[in-house]
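Notes follow once the structure below has been shown.
The values are calculated or read from the model by the stated rules, or taken from the named source; none is laboratory data. Not measured: the values here are computed from a predicted model. Backbone-built Cβ (ideal geometry, glycine too); neighbour counts: all protein chains shown. Ligands, DNA and RNA are stripped out before the accessible areas are found, and what is left, the full protein with its side chains, is counted by its heavy atoms. Shrake-Rupley method; radii C 1.70, N 1.55, O 1.52, S 1.80 Å.
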Amino acid sequence: MIKHTGIEIEEKGKVDRITLFLYLLFVVIGWFNIYAASYDLENATGMFDLSTRAGSQLIWIGTSLLIAFSLIKIEVSFYETYSFLFYLIGIFLLVVTLIVAQEINGSRSWLIIGPVRLQPAEFMKFIISLALAKVLNTYDFKLMDKKNLMLVSSIIILPTLLVIFQSETGTALVYLSLILVLYREGLPGGVLFMGIAAIIYFILGIRFSDEQIGMLSKGEIMTVVLIIIFSAGMVWSYLKRKRTFFIIILISSVPFLIALILYFFSETIDWGMFSLISLGVTAFHLLYLFLRYRVKTYFYIFLFLIVSFGFLESTEYVFNDVLQPHQQMRIKVTLGMEQDLSGAGYHVGQSKIAIGSGGLTGKGYLNGTQTKLKYVPEQDTDFIFCTIGEEHGFIGSTIVMILFTVFVLRLLKLAERQTTTFGRVYGYSVVSIFFFHLLINIGMVIGIMPVIGIPLPFFSYGGSSLWGFTILLFIFLRIDKSRKRG
């Protein structure tokens with residue numbers, strides 16, 4: 001139906017059918033796989049037995065559908081008007097959870113209300129997304145204004161710190177993935193680059209920290225070289241000074257060339273010391289360029305170099321003194337530093353065996369031996385993807401990943417076609433959260449990501465997870481449904 005307003009043409013929208021179909025498909029496939037993952041060979045029960053995991057999930061699915069239907073009927077103005085109230089309630093629940101929650105599997109993140117267990121951190125995903133959308137939709141809002149940037153950062157960082165205190169590191173990382181939304185709304189690409197660089201520094205610094213070469217470890221030397229290359233590359237990228245780029249590369253190479261020459265006369269060269277000299281020469285040259293030409297970009301690159309090295313030197317402290325021993329072991333196993341097949345690496349080891357045993361076409365539904373004999377821990381929650389791999393093989397796993405890819409791309413398209421900043425920001429928040437969950441969950445199951453315990457959307461068993469993802473998605477579908485078309 002088309003309504004003429006005199007200014008624009010408005011058309012009554014419908015819920016996006018492709019996204020709705022994929023949601024229902026994921027929920028059904030997830031339910032079947034929860035039944036398969038929790039199936040007991042000796043005491044087999046029906047899929048509708050409410051005393052089983054599959055039966056409980058069926059109840060959660062039914063309530064999720066009711067929630068989805070209700071969310072579609074609520075006016076969009078309600079979500080925008082009460083965004084901050086939702087945020088305050090969410091923060092309050094996180095604080096209450098931190099104080100009163102019992103420790104379960106090493107974390108204090110569950111509120112137990114009678115027979116029901118809820119995880120408030122799951123609901124904060126859509127709450128933070130609404131708060132961000134509300135703030136960024138403010139009239140004449142400029143993200144890079146210092147006060148605005150601090151406000152937006154606080155909206156993300158406050159709940160992140162609270163869930164870290166609950167020992168829910170995985171959920172905290174999901175919140176931080178919303179930085180991708182800020183990048184879409186005007187955050188400079190350099191900030192995103194620095195985040196990626198920090199991850200690389202951390203990995204290199206920890207992965208090769210055992211081999212000491214003079215003043216620095218092998219990992220530190222490799223990272224110092226990378227910092228110099230990054231700094232020179234920023235000169236080329238931001239200032240378009242190719243000549244200066246090559247000069248920086250040349251002068252930073254001189255200490256290494258001197259060390260190489262001395263190496264022929266003595267095999268006890270301190271490569272770490274010469275790496276530091278190279279870094280220092282590069283830093284002084286950037287500072288000299290700033291003082292000579294008074295171009296602030298040189299100073300910013302100089303600061304990037306100094307902060308990068310400072311971050312590198314702090315990684316060992318963070319790894320050894322801040323992270324818990326089980327978190328350290330998970331990272332070591334992921335980076336190939338440790339095997340620990342009976343400890344931290346057991347989950348991933350058994351998961352790989354289960355997925356690998358599925359071969360091309362899988363062993364068939366309910367015929368997976370690894371999962372049926374309960375070799376894989378958490379196989380109906382965080383590690384449910386290994387059930388798909390074992391019983392449906394490479395083909396089944398690929399189909400599921402293709403469906404999820406289509407789902408994320410569809411959400412991206414919906415986000416981009418929004419006609420308001422509120423709708424676009426919320427849409428990109430939804431995309432970021434789902435993308436991060438899929439990347440980390442499937443990555444940790446196949447052993448290329450650390451085990452941080454986050455569910456596979458719509459597949460993993462759990463009411464809080466399913467409710468949280470359903471609310472997150474259907475608020476967006478409601479916003480998309482009401483967008484103006486012209």
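Exactly which trypsin sites (Lys or Arg not before Pro) in the stretch 253-351 are in a DSSP loop and have at most 13 other Cβ atoms within 10 Å?
The qualifying sites are ARG294.
Mind checking the angle between helix 53-73 and the chain's longest principal axis? C-alpha axes, 0 to 90 degrees, to the nearest 10.
Helix 53-73 and the main axis of the chain meet at about 90 degrees.
Where nothing but the Cβ of Lys and Arg (+1) and of Asp and Glu (-1) is charged, how large is the charge dipole of the stretch 306-458 around its Cα centre, in debye to the nearest 20?
Around 620 debye, computed over the stretch 306-458.
Just tell me which lysines come within less than 28 Å, Cα to Cα, of LYS146; anything on the same chain fewer than 8 places away is out.
Excluding near neighbours in sequence, the set is LYS125, LYS134, LYS240, LYS296.
List every residue whose amide H lies under 5 Å from the amide H of LEU216, counting only residues 5 or more places away in sequence or on a different chain, with H placed 1.01 Å from N in the peptide plane.
GLY272, MET273
Which aspartates and glutamates, on any chain, are close to LYS142 with Cα under 17 Å apart, when same-chain ones fewer than 8 places away are left out?
Cα-Cα hits under 17 Å: GLU185.
So how do 233-245, 278-290, 469-481, 388-400 stack up, highest first, on mean other-Cβ count within 10 Å?
Descending packing order for the listed peptides: 469-481, 388-400, 278-290, 233-245.
Can you compute the helix-only [θ] at 222 nm over the chain? Use -39500 (n - 2.57) per DSSP H run of at least 4 residues, normalise by all residues, nearest 500 deg cm²/dmol.
Only helices count here, giving -22500 deg cm²/dmol.
Roughly how many debye, to the nearest 20, is the charge dipole of the chain about its Cα centre, given +1 on each Lys and Arg Cβ, -1 on each Asp and Glu Cβ, and no other charges?
1980
Across every pair of different alpha-carbon atoms, what Kirkwood hydrodynamic radius in Å does the stretch 318-473 reach?
Averaging 1/r across every pair of different Cα atoms and inverting gives 16.8 Å.
What are the ³J(HN,Hα) couplings of the stretch 164-181, residue after residue, when phi is run through the Karplus curve with 6.51, -1.76, 1.60 and θ = phi - 60°? Round to Hz, x for glycine and proline.
5, 5, 7, 6, 10, 4, x, 5, 4, 5, 4, 4, 5, 5, 5, 4, 4, 5
Leaving ligands, DNA and RNA out of it, report the carbon-plus-sulfur percent of the accessible area of the chain at a 1.4 Å probe.
Accessible surface attributable to carbon and sulfur in the chain totals 67 percent.
Can you pull out the chymotrypsin sites (Phe, Trp or Tyr not before Pro) in the stretch 8-103 whose DSSP state is coil and whose Cβ has at most 16 other Cβ atoms within 10 Å?
PHE48, TYR82
Find the Rg to Rh ratio for the stretch 61-179, where Rh is the Kirkwood radius over alpha-carbon pairs and Rg uses the same atoms.
Rg/Rh for the stretch 61-179 comes to 1.00.
Between the helical axis of 385-416 and the dominant principal axis of the chain, each derived from Cα atoms, what acute angle in degrees is found, rounded to the nearest 10?
Between the helix axis and the principal axis of the chain, the angle is about 80 degrees.
Quick check: from the Cα gyration tensor, does the chain come out rounded (a/c under 1.5), prolate or oblate?
Because a/c hits 1.5 or more and a/b fails to exceed b/c, the chain counts as oblate.
For LYS413, give me every one of the aspartates and glutamates with a C-alpha distance below 15 angstrom, ignoring sequence neighbours fewer than eight places off in its own chain.
The qualifying aspartates and glutamates are ASP16, ASP480.
Go through the stretch 97-140 and name the chymotrypsin sites (Phe, Trp or Tyr not before Pro) that are in a DSSP coil and have 11 or fewer other Cβ atoms within 10 Å of their Cβ.
Loop-located and lightly packed - TYR139.
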